[in-house]
Amino acid sequence: MNVSDAVAARRSIRDFLTDPVDDELLRDLLERAARAPSGGNVQPWRIYVLNGSRMTDFLDFLSTQPDIEPSEYDVYPANLWEPHRTARFELGEQMYGLLDIPREDKAGRLQQFARNARFFDAPAAFFITIDRRFNEPQWSDLGMFLQTFMLLAVEAGLDTCAQEYWSSRHGAVMEFVGAPEEEMLFCGMAIGYRNTEAPVNDLVAERLPLNTWATWV
Ligand SMILES: Cc1cc2nc3c(=O)[nH]c(=O)nc-3n(C[C@H](O)[C@H](O)[C@H](O)COP(=O)(O)O)c2cc1C
């Protein structure tokens, strides 16, 4: 598999098989993902892995914890503007369309959203955190790490879904993983093997056309 194949094949998977993910494979992927570039090579990412019985322990712990709490950062700016607003709206429409959950079925949509809290049944996951003293450039470095990991996962036959959802459960997450106060949770990453029979996994999210976001000066 070359880079173009991995980029084209990667997509967010929201229904996983329970087939286990080998811990050694995870370690290897993480180690190689750390080849991602970062400004000044500061490597600001911190990773907390859940796999096997620790995933079960985490989900048990989570069920004893308060539901949604305010995120420590704004996941989206208030009053998202065009064309981003429509792009976000259409993602939801595409996804719930595949699942046959109409707009009026608020409970159905909420139920699907709540699957975030089980990593869409993925057997493995990690959380990525950053020291609060870092600034925007280092947050962007986390993105470099995440995408590098996701592409290497594709090459290894694994699927992923990055999840900002976890920012709304940060208290429980940070307590369970034992992260120090100075770290802030960015997101989670569900990891496993896709359920090829789940319609939600047929979702291929649209992209805005090049001329809406690239300018030749
Ligand atoms: C940092 C980050 C956080 C995300 N958080 C969530 C999430 O909480 N739940 C979810 O279902 N998808 C989440 N996604 C997936 C995006 O919706 C997805 O990347 C986007 O729709 C493009 O689709 P694709 O990944 O299939 O190409 C997240 C993606 C990124 C990069």
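Figures for the structure shown
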{"quantity": "Cα gyration tensor, region 131-217 - rounded (a/c under 1.5), prolate or oblate", "calculated": "oblate"}
{"quantity": "GluC sites (Glu not before Pro) within region 54-100: DSSP coil, no more than 16 neighbouring Cβ in 10 Å", "calculated": "E72"}
{"quantity": "Amide proton proximity set for A122, modelled H, under 5 Å, gap of 5+", "calculated": "F16"}
{"quantity": "Per residue, the convex hull volume that the Cα atoms of region 62-217 enclose (Å³)", "calculated": "162 Å³"}
{"quantity": "Coil-residue chymotrypsin sites (Phe, Trp or Tyr not before Pro) of region 80-112, DSSP, other Cβ within 10 Å capped at 11", "calculated": "W81"}
{"quantity": "Charge tally in the Cβ shell below 12 Å around T129, where Lys, Arg are +1 and Asp, Glu are -1, T129 excluded", "calculated": "-3"}
{"quantity": "Projected area, mean over directions - region 1-53, Cα convex hull, nm²", "calculated": "5.5 nm²"}
{"quantity": "Ranked by how many other beta carbons lie within 10 Å on average, peptides 204-216, 184-196, 143-155 from highest", "calculated": "184-196, 143-155, 204-216"}
{"quantity": "Part-to-part distance (alpha-carbon centres) for region 106-159 and region 75-95, which is given in Å", "calculated": "19 Å"}
{"quantity": "Cβ-based charge dipole, region 91-217, positive-most Cα from A156, S167, A124", "calculated": "S167"}
{"quantity": "Relative contact order of the chain, defined on C-alpha pairs under 8 angstrom at six or more residues apart (%)", "calculated": "40 percent"}
{"quantity": "Residues of region 1-82: accessible area per residue with a 1.4 Å probe, Å²", "calculated": "66 Å²"}
{"quantity": "Residues whose placed amide H lies under 5 Å from that of D131, excluding near-sequence neighbours", "calculated": "M184"}
{"quantity": "Percent carbon-and-sulfur accessible area, region 1-79, ignoring ligands, DNA and RNA, probe 1.4 Å", "calculated": "48 percent"}
{"quantity": "Dimensions (Å) - region 60-135, Cα atoms, principal axes, largest first", "calculated": "39, 34, 22"}
{"quantity": "Sequence ranges 30-37, 63-70, 102-109, ranked by mean other-Cβ count within 10 angstrom, highest first", "calculated": "30-37, 102-109, 63-70"}
{"quantity": "Summed residue charge, Cβ within 15 Å of R118's Cβ, Lys/Arg positive, Asp/Glu negative", "calculated": "-1"}
{"quantity": "Residues whose placed amide H lies under 5 Å from that of L50, excluding near-sequence neighbours", "calculated": "A125, F126, F127"}
{"quantity": "Distance from region 27-63 to region 165-202 (C-alpha centre basis), Å", "calculated": "10 Å"}
{"quantity": "Solvent-accessible heavy-atom area per residue, rounded to whole Å², over region 102-217 at 1.4 Å", "calculated": "51 Å²"}
{"quantity": "Fluctuation leader among N201, N79, N116 - the chain, Gaussian network, Cα springs under 10 angstrom", "calculated": "N79"}
{"quantity": "Residue among G52, G39, A8 farthest towards the positive dipole end of region 8-57, charges placed on Cβ", "calculated": "G39"}
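The values are calculated or read from the model by the stated rules, or taken from the named source; none is laboratory data. As the structure is a prediction and not an experimental result, all values here were calculated from the model. In this analysis, Cβ positions are derived from the backbone assuming ideal geometry, glycine residues included, and neighbour counts consider all displayed protein chains. Accessible surface areas use protein heavy atoms only, side chains included; no ligands, DNA or RNA. Shrake-Rupley method; radii C 1.70, N 1.55, O 1.52, S 1.80 Å.
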